[in-house]
Structures are given as structure tokens and as C-alpha cells.
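Asks: Mind having a look at this structure? Questions to follow.
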Amino acid sequence: MRYCAAALWRGSRSRGAVEYNAHCYSHAGKRQTSDSMAKPPTIFKRGTNLLLRHLAEHIDVGAALPPEQRMAELAHGSRTAVRSTLNYLLKRGLISDLKERRLLRKPAPDDYFDEAELQSGAARIQQVLMERIYHNDLPPGSDFSEAELARAAGASTISVREFLIGFSRYGLIEKKPQGGWRLCAFDRSFATELGDVRRMFELAAVDKLLGLPPDDPAFRVLDDLIARHRRLGSAMPASHRDFPALDREFHTFLIGLLNNRFAQGLNDIVSLVFHYHYQWDKRDELPRNQHAVQEHLELLQALARRDGEAARRAMHTHLDSSRSTMLESITQREQMTRPD
């Protein structure tokens, strides 16, 4: 195994390409070229994001970063991986140098690697399935095959089959006896239970945000969400179909504050289930979206003011509305599918 230095890695980022120098090991005894190292590994990106969050929450501007061993623990990686991250931080202008390593500024949103780049194969498959449902490519009751989902997700049919078997436990899809899969519905008790767990997690997220320091990067994201909700609200009714994507981003932001894998997994299912069932009843889509935008704004603005009582009240109001709309959607679906 031979040590090689300064291999150039180029990473594709949601906010533009990032170039950074890193150290690497050559197992073949030859220097690795930039072509063979064209994409930074997922473990590097995930570890870098973890360190960035630590810097944002615990390190003051001007202070020195922790020792390498401590950073390796924070990043769930090795000291070699940490050195690669330090090169990245230097390139981004976050630290002074590689010796004293003093923080020059707090991390900004575009310093982080896109979470989509850190997805597992199962996460990519789920994302493709969710997008097809959101865009009505798979309306309720549709059949679909493992092969078409595999092509869309860039995954193997074996990976897709394993994902669908696991995903079917949520009751949203079922295996057809003659082969293939079908999107299916669930009953009111399932929707009620899902809403109860959603309320628990999202109220916890509200409390988590209210407890963060005023200079936490989360408040910059909060301000951005407020501005985008205002723009969307002023552009309605023409742009009301843009609401589902913003709604999912809104709830994903809240759940992401918990840094809890179980909460994140549930959030994906909740988002999928709620928007999926809204497709059964399009009659009140415009006023429903307009009302939800205003409810989001009331919550976001209360959080920005750090008004805990108003924020919790707004969260309860929004979840009550969402639950009521879901149950009405299920009733409409039952009426549509009931035999004459």
C-alpha cells in the first residue's frame, strides 16, 4: 500500500461543482489519476457534513478546531478521512490553514454536500417512486413493474425487488399474484395512527428549533422558507401545483432538525402517503394549497420570532388541518371505489 498525495477530486454539488485536494491511498502500488478518483466517496461527504454541523453548532469563529482524533470521532471516520475534510474546509475558506485550523466563518448551506448524494440505493428507489406518484405518473390503483422502476432509479431489479418487499409493510403497495406491483390504499385507522406519530415528531422538531442559538444556520434556512412561501402565496392560483414540493421541503427541514433516522424514515412515508391520497380528490386542491401555505407561514414566522407558544399553536393547527384533509380524502376515495 503506497501513500499518494494531492489527488484532485471533483464533486458535483447541488449549488455548483466543488474542487478540493485530498490525500488518498493506492492499493495497486501506482499513483491514482484524477479520472480514477473523479467522484468523492459517500463516506467522505457524510463525514464532512457531520463535521460542518459540529462547527456550526459548537465552534466559535476564530476558535481552533478540535484535535484530529476528536474530529475523526465526530465524523465517524478515520484521521486520514479527516485530513481530506480539512483540505475541503481550507478550499472553501472555512479555516485559516492546515496547522492552526482556526474557523474563519460559520458554514453556509452550500458548504454542505447535498443529502441526495448520500443516498443509498434503497433511498434512490424510494425517491423515484415518490416522484412518480407526486407527478401523477402513477395515479392511485396503478400497476407497475420492477423493471421500469429499476430503469428510472438506475438500480438493479434485485435491489428494487428487495426495496418493494420491505416497503410493502407500510400498506401502500402490494404484490400482484400474476407478477408486478400495485399502488393501494389504507383505512382511516392507519391514517390516524400515522398522523399521531407525525405530530409527536414535528412538535419535537419545533421545540428543537426554538432551543437553537440565534446564529444557528437553521435560521437562515428558515428565512429562505419564509421568503419562498410568500412568493408562492403571491403567485397563486397560477402556481398552486408547486406547493407539494415546497410542502415536503418544509416538513423535511423540521424533521431534519431532530437528526433522527427513524423520524426521517417516517417523514418520507408521511409525505408520500399524504400527497398520494390527495390525488383522489382534486376538487378543492387550490383552496387547500392556499390555506396550507398560510398555515406554514404562520408557523415559520412564529419560529423566526422565537415565539414558542404561537409556534406550537400553529403546528397543532396545521397538523389538525392536514389530518382532516387526509380523512376527507380517504372518504372520497372510498366513495369513488365503492361498487354501485
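The values are calculated or read from the model by the stated rules, or taken from the named source; none is laboratory data. Predicted, not measured: the structure shown is a model, and the values here were computed from it. As a convention, Cβ positions derive from the backbone with ideal geometry for all residues, glycine included, and neighbour counts pool all protein chains shown.
Asks: Let me spell it out: the conditions are (1) at pLDDT 85 or above; (2) in contact with a strand residue (DSSP E or B) (Cβ under 9 Å, 6 or more places away or on another chain), and F163 meets all of them except one. Which number is the exception?
Replies: (2)
Asks: Only one of these is closer than 30 Å to S142 by Cβ and among the aromatic types (F, W, Y): F190, F219. Name it.
Replies: F190
Asks: Same structure again: If you go through segment 54-88, how many residues are in a helix (DSSP H, G or I) and touching a residue at least 12 places away in the same chain (Cβ under 8 Å)?
Replies: Total meeting the criteria: 17.
Asks: For E148, are the conditions met, namely being among the acidic types (D, E), at pLDDT below 70 and part of a helix (DSSP H, G or I)?
Replies: In short, no.
Asks: Can you list residue pairs whose Cβ atoms sit under 6 Å apart, with the first residue in segment 252-265 being touching a residue at least 40 places away in the same chain (Cβ under 8 Å) and the second being among the polar types (S, T, N, Q) and assigned to a helix (DSSP H, G or I)? Count only pairs 6 or more apart in sequence or on different chains.
Replies: I255/Q264; I255/N267
Asks: So which residues in segment 303-328 are acidic (D, E) and surrounded by 15 or more Cβ atoms within 10 Å (Cβ to Cβ)?
Replies: Within segment 303-328, just E328 meets the criteria.
Asks: Mind listing whichever residues of segment 171-181 are surrounded by 15 or more Cβ atoms within 10 Å (Cβ to Cβ) and outside any loop (DSSP other than H, G, I, E, B)?
Replies: The answer is I173, W181.
Asks: Any residue at all in segment 240-261 that is under 27 Å from L164 (Cβ atoms), of a type in the set (K, R) and in a helix (DSSP H, G or I)?
Replies: The answer is yes; a qualifying residue exists.
Asks: Of the residues that make up segment 83-103, is at least one farther than 30 Å from D223 by Cβ, at pLDDT below 90 and out of contact with any Ser or Thr (no Cβ under 7 Å at 6 or more places or on another chain)?
Replies: No, there is no match, as no residue in segment 83-103 is farther than 30 Å from D223 by Cβ, at pLDDT below 90 and out of contact with any Ser or Thr (no Cβ under 7 Å at 6 or more places or on another chain).
Asks: What single numbered condition from (1) over 30 Å from S156 (Cβ atoms); (2) in contact with a helix residue (DSSP H, G or I) (Cβ under 9 Å, 6 or more places away or on another chain); (3) modelled with pLDDT under 90; (4) of a type outside the set (S, T, N, Q) fails to hold for E73?
Replies: Only one criterion is unmet by E73, namely (2).
Asks: Report yes if D247 is crowded, with 16+ Cβ neighbours inside 10 Å, under 16 Å from L222 (Cβ atoms), at pLDDT below 90 and charged (D, E, K, R), otherwise no.
Replies: So D247 fits the description; yes.
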